[in-house]
Amino acid sequence: MQIPTPLEYKAAVAAHFNRWDHERQRCLNSTLPGNQPPAMVPRKGRYMFKEIPLLKQFFQVPLNIPKDFFGEAVKKGSINAMRFLTTVSMEQPEMLEKVSREIWMRVWSRDEDITEYQSILAAAVKAGMSTAQAQHFLEKISTQQVKNKLIENTDAACKYGAFGLPTTVAHVDGKTYMLFGSDRLELLAYLLGEKWMGPVPPTANARL
(Lines give C-alpha, C1' and ligand atoms only; values in the text may rest on other atoms or scores of the structure.)
Protein backbone atom coordinates (compact mmCIF):
# COMPACT_ATOMS: atom_id res chain seq x y z
CA MET A 1 0.00 0.00 0.00
CA GLN A 2 1.32 3.38 -0.89
CA ILE A 3 -0.32 6.64 0.18
CA PRO A 4 0.50 8.98 -2.75
CA THR A 5 -1.44 6.94 -5.30
CA PRO A 6 -5.18 7.55 -5.59
CA LEU A 7 -5.90 4.14 -7.10
CA GLU A 8 -4.94 2.34 -3.90
CA TYR A 9 -8.28 3.20 -2.36
CA LYS A 10 -11.09 1.39 -4.13
CA ALA A 11 -14.54 0.63 -2.85
CA ALA A 12 -14.49 -2.52 -4.94
CA VAL A 13 -11.39 -3.88 -3.23
CA ALA A 14 -12.79 -3.65 0.27
CA ALA A 15 -16.28 -4.68 -0.74
CA HIS A 16 -15.28 -7.78 -2.66
CA PHE A 17 -12.73 -9.04 -0.17
CA ASN A 18 -15.34 -8.75 2.56
CA ARG A 19 -17.52 -11.03 0.43
CA TRP A 20 -14.83 -13.44 -0.77
CA ASP A 21 -13.61 -16.01 1.73
CA HIS A 22 -9.91 -15.72 1.05
CA GLU A 23 -6.97 -14.84 3.25
CA ARG A 24 -5.51 -11.39 2.72
CA GLN A 25 -1.99 -10.23 3.40
CA ARG A 26 -1.18 -6.55 3.19
CA CYS A 27 2.28 -5.36 2.28
CA LEU A 28 3.39 -1.79 2.74
CA ASN A 29 5.83 -0.49 0.18
CA SER A 30 7.99 2.57 -0.07
CA THR A 31 8.68 4.05 -3.50
CA LEU A 32 9.73 1.33 -5.91
CA PRO A 33 13.34 1.91 -7.00
CA GLY A 34 13.98 3.05 -10.55
CA ASN A 35 10.38 4.13 -11.10
CA GLN A 36 9.12 7.53 -12.14
CA PRO A 37 5.71 8.51 -10.70
CA PRO A 38 3.06 8.27 -13.46
CA ALA A 39 2.01 11.88 -12.92
CA MET A 40 5.56 12.98 -13.75
CA VAL A 41 5.17 11.64 -17.29
CA PRO A 42 3.61 14.68 -19.05
CA ARG A 43 0.98 12.94 -21.15
CA LYS A 44 0.18 10.39 -18.47
CA GLY A 45 -0.08 13.13 -15.87
CA ARG A 46 -2.56 15.13 -17.94
CA TYR A 47 -4.59 12.00 -18.56
CA MET A 48 -4.69 11.04 -14.87
CA PHE A 49 -6.03 14.41 -13.77
CA LYS A 50 -8.86 14.09 -16.28
CA GLU A 51 -9.58 10.48 -15.35
CA ILE A 52 -9.75 10.89 -11.57
CA PRO A 53 -13.19 12.62 -11.51
CA LEU A 54 -14.56 9.75 -13.62
CA LEU A 55 -13.04 7.15 -11.29
CA LYS A 56 -14.63 8.97 -8.35
CA GLN A 57 -18.05 8.44 -9.90
CA PHE A 58 -17.40 4.89 -11.10
CA PHE A 59 -16.01 3.52 -7.83
CA GLN A 60 -18.08 5.84 -5.63
CA VAL A 61 -15.14 6.96 -3.52
CA PRO A 62 -14.53 10.42 -2.00
CA LEU A 63 -11.64 11.17 -4.33
CA ASN A 64 -10.44 14.74 -4.88
CA ILE A 65 -7.20 15.92 -6.47
CA PRO A 66 -4.97 17.84 -4.00
CA LYS A 67 -4.51 21.48 -4.99
CA ASP A 68 -0.74 21.24 -4.61
CA PHE A 69 -0.28 17.64 -5.72
CA PHE A 70 3.32 18.03 -6.89
CA GLY A 71 4.27 19.83 -3.70
CA GLU A 72 2.49 17.59 -1.22
CA ALA A 73 2.47 14.12 -2.76
CA VAL A 74 5.49 14.19 -5.03
CA LYS A 75 8.11 16.50 -3.51
CA LYS A 76 7.35 15.97 0.18
CA GLY A 77 6.70 12.28 -0.24
CA SER A 78 5.12 10.03 2.36
CA ILE A 79 8.04 8.25 3.99
CA ASN A 80 7.01 9.16 7.57
CA ALA A 81 3.47 7.98 6.94
CA MET A 82 4.71 4.75 5.37
CA ARG A 83 7.05 4.07 8.28
CA PHE A 84 4.22 4.76 10.69
CA LEU A 85 1.99 2.28 8.88
CA THR A 86 4.84 -0.21 8.87
CA THR A 87 5.04 0.13 12.66
CA VAL A 88 1.28 -0.39 12.92
CA SER A 89 1.53 -3.52 10.75
CA MET A 90 4.24 -4.87 13.02
CA GLU A 91 2.62 -4.14 16.37
CA GLN A 92 -1.12 -3.59 15.87
CA PRO A 93 -1.98 -5.12 12.47
CA GLU A 94 -5.71 -5.12 13.13
CA MET A 95 -5.59 -1.29 12.88
CA LEU A 96 -3.61 -1.17 9.64
CA GLU A 97 -6.51 -0.92 7.22
CA LYS A 98 -8.34 1.74 9.25
CA VAL A 99 -5.28 3.92 9.74
CA SER A 100 -4.17 3.50 6.12
CA ARG A 101 -7.61 4.58 4.94
CA GLU A 102 -7.65 7.63 7.19
CA ILE A 103 -4.20 8.77 6.05
CA TRP A 104 -5.34 8.28 2.45
CA MET A 105 -8.45 10.36 3.18
CA ARG A 106 -6.31 13.23 4.38
CA VAL A 107 -4.46 13.43 1.07
CA TRP A 108 -6.97 12.32 -1.54
CA SER A 109 -10.26 13.46 -0.09
CA ARG A 110 -9.64 16.42 2.24
CA ASP A 111 -6.38 17.77 0.80
CA GLU A 112 -4.62 17.69 4.18
CA ASP A 113 -1.00 17.12 5.15
CA ILE A 114 0.42 13.68 6.01
CA THR A 115 4.10 14.58 6.29
CA GLU A 116 4.13 16.13 9.77
CA TYR A 117 3.99 14.04 12.93
CA GLN A 118 0.88 15.86 14.19
CA SER A 119 -0.91 15.10 10.92
CA ILE A 120 -0.15 11.39 11.20
CA LEU A 121 -1.17 11.43 14.87
CA ALA A 122 -4.49 13.06 13.99
CA ALA A 123 -5.18 10.45 11.31
CA ALA A 124 -4.41 7.56 13.65
CA VAL A 125 -6.61 8.93 16.41
CA LYS A 126 -9.47 9.53 13.96
CA ALA A 127 -9.12 5.93 12.83
CA GLY A 128 -9.74 4.78 16.41
CA MET A 129 -6.23 4.43 17.81
CA SER A 130 -5.52 5.89 21.24
CA THR A 131 -3.37 9.01 21.36
CA ALA A 132 -0.84 7.27 23.60
CA GLN A 133 -0.54 4.30 21.24
CA ALA A 134 -0.18 6.53 18.18
CA GLN A 135 2.53 8.58 19.88
CA HIS A 136 4.31 5.37 20.84
CA PHE A 137 4.33 4.26 17.20
CA LEU A 138 5.51 7.68 16.02
CA GLU A 139 8.51 7.38 18.31
CA LYS A 140 9.46 4.16 16.54
CA ILE A 141 9.35 5.28 12.90
CA SER A 142 12.97 6.42 12.95
CA THR A 143 14.27 3.12 14.30
CA GLN A 144 16.35 0.88 12.07
CA GLN A 145 13.99 -2.02 12.68
CA VAL A 146 11.06 -0.16 11.11
CA LYS A 147 13.18 1.19 8.25
CA ASN A 148 14.46 -2.29 7.48
CA LYS A 149 10.96 -3.76 7.50
CA LEU A 150 9.71 -1.21 4.98
CA ILE A 151 12.72 -1.92 2.76
CA GLU A 152 12.08 -5.65 3.14
CA ASN A 153 8.44 -5.21 2.04
CA THR A 154 9.51 -3.18 -0.97
CA ASP A 155 12.12 -5.76 -1.95
CA ALA A 156 9.49 -8.49 -1.66
CA ALA A 157 7.18 -6.60 -4.02
CA CYS A 158 10.01 -6.10 -6.50
CA LYS A 159 10.77 -9.82 -6.50
CA TYR A 160 7.21 -10.45 -7.64
CA GLY A 161 7.84 -8.02 -10.49
CA ALA A 162 5.96 -5.05 -9.05
CA PHE A 163 6.59 -1.76 -10.82
CA GLY A 164 3.79 0.35 -9.39
CA LEU A 165 0.65 0.34 -7.31
CA PRO A 166 -1.91 -1.02 -6.82
CA THR A 167 -0.31 -4.45 -7.21
CA THR A 168 -2.05 -7.66 -6.16
CA VAL A 169 -0.31 -11.01 -5.77
CA ALA A 170 -2.55 -14.07 -5.85
CA HIS A 171 -1.40 -17.56 -4.89
CA VAL A 172 -3.73 -20.08 -6.55
CA ASP A 173 -3.22 -23.85 -6.88
CA GLY A 174 0.51 -23.60 -6.36
CA LYS A 175 0.93 -20.79 -8.88
CA THR A 176 1.64 -17.13 -8.27
CA TYR A 177 0.02 -14.35 -10.27
CA MET A 178 0.92 -10.67 -10.08
CA LEU A 179 -1.80 -8.28 -11.19
CA PHE A 180 -1.32 -4.55 -11.66
CA GLY A 181 -3.98 -1.88 -11.66
CA SER A 182 -7.38 -1.26 -10.13
CA ASP A 183 -8.95 -2.57 -13.32
CA ARG A 184 -7.68 -6.11 -12.68
CA LEU A 185 -10.20 -7.02 -9.98
CA GLU A 186 -12.33 -8.90 -12.49
CA LEU A 187 -9.30 -10.98 -13.43
CA LEU A 188 -8.57 -11.56 -9.74
CA ALA A 189 -12.13 -12.82 -9.26
CA TYR A 190 -11.59 -15.22 -12.15
CA LEU A 191 -8.39 -16.59 -10.59
CA LEU A 192 -10.08 -17.04 -7.21
CA GLY A 193 -13.18 -18.63 -8.72
CA GLU A 194 -15.33 -15.83 -7.34
CA LYS A 195 -18.09 -13.74 -8.86
CA TRP A 196 -17.22 -10.20 -9.90
CA MET A 197 -20.07 -7.91 -8.85
CA GLY A 198 -18.84 -4.72 -10.45
CA PRO A 199 -17.11 -1.75 -8.78
CA VAL A 200 -19.79 -1.37 -6.10
CA PRO A 201 -21.47 -4.66 -5.09
CA PRO A 202 -25.15 -4.02 -4.34
CA THR A 203 -25.13 -5.60 -0.88
CA ALA A 204 -21.53 -4.87 0.14
CA ASN A 205 -20.98 -4.47 3.85
CA ALA A 206 -17.74 -2.55 3.50
CA ARG A 207 -17.76 1.01 4.75
CA LEU A 208 -15.29 3.53 3.41
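The values are calculated or read from the model by the stated rules, or taken from the named source; none is laboratory data. In this text the structure is predicted, and so the values were computed from the model without any measurement. Quick reminder, even Gly has a Cβ in these numbers, built from the backbone with ideal geometry, and neighbours come from all protein chains shown.
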* Please determine, by comparing only the residues of region 145-155 that are polar (S, T, N, Q) and surrounded by fewer than 17 Cβ atoms within 10 Å (Cβ to Cβ), which one is farthest from R184 (Cα to Cα). => Q145
* Asked: Is it fair to say T86 is surrounded by fewer than 24 Cβ atoms within 10 Å (Cβ to Cβ), at pLDDT 90 or above and closer than 16 Å to E139 by Cα?
  -> no
* To do: State all residues of region 156-172 that are surrounded by 13 or more Cβ atoms within 10 Å (Cβ to Cβ) and in a helix (DSSP H, G or I); if no residue qualifies, say none.
  => A156, A157, C158
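Counting just the residues of region 130-144 that are among the hydrophobic types (A, V, I, L, M, F, W, C) and touching a residue at least 40 places away in the same chain (Cβ under 8 Å), which one comes out surrounded by the fewest Cβ atoms within 10 Å (Cβ to Cβ)?
Restricting attention to region 130-144, the residues satisfying the condition of being among the hydrophobic types (A, V, I, L, M, F, W, C) are 132, 134, 137-138, 141.
Filter once more, so that each one left must be touching a residue at least 40 places away in the same chain (Cβ under 8 Å): 137-138, 141.
Numbers: F137: 25, L138: 18, I141: 20.
This residue is L138.
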* To do: Report yes if A162 is small (G, A, S) and over 14 Å from S78 (Cα atoms), otherwise no.
  => yes
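Residue-by-condition table, conditions (1) touching a helix residue (DSSP H, G or I) at 6+ places or on another chain (Cβ under 8 Å); (2) assigned to a helix (DSSP H, G or I); (3) modelled with pLDDT under 95:
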position: K98; (1), (2), (3): no, yes, yes
position: I103; (1), (2), (3): yes, yes, yes
position: E112; (1), (2), (3): yes, no, yes
position: Q135; (1), (2), (3): yes, yes, no
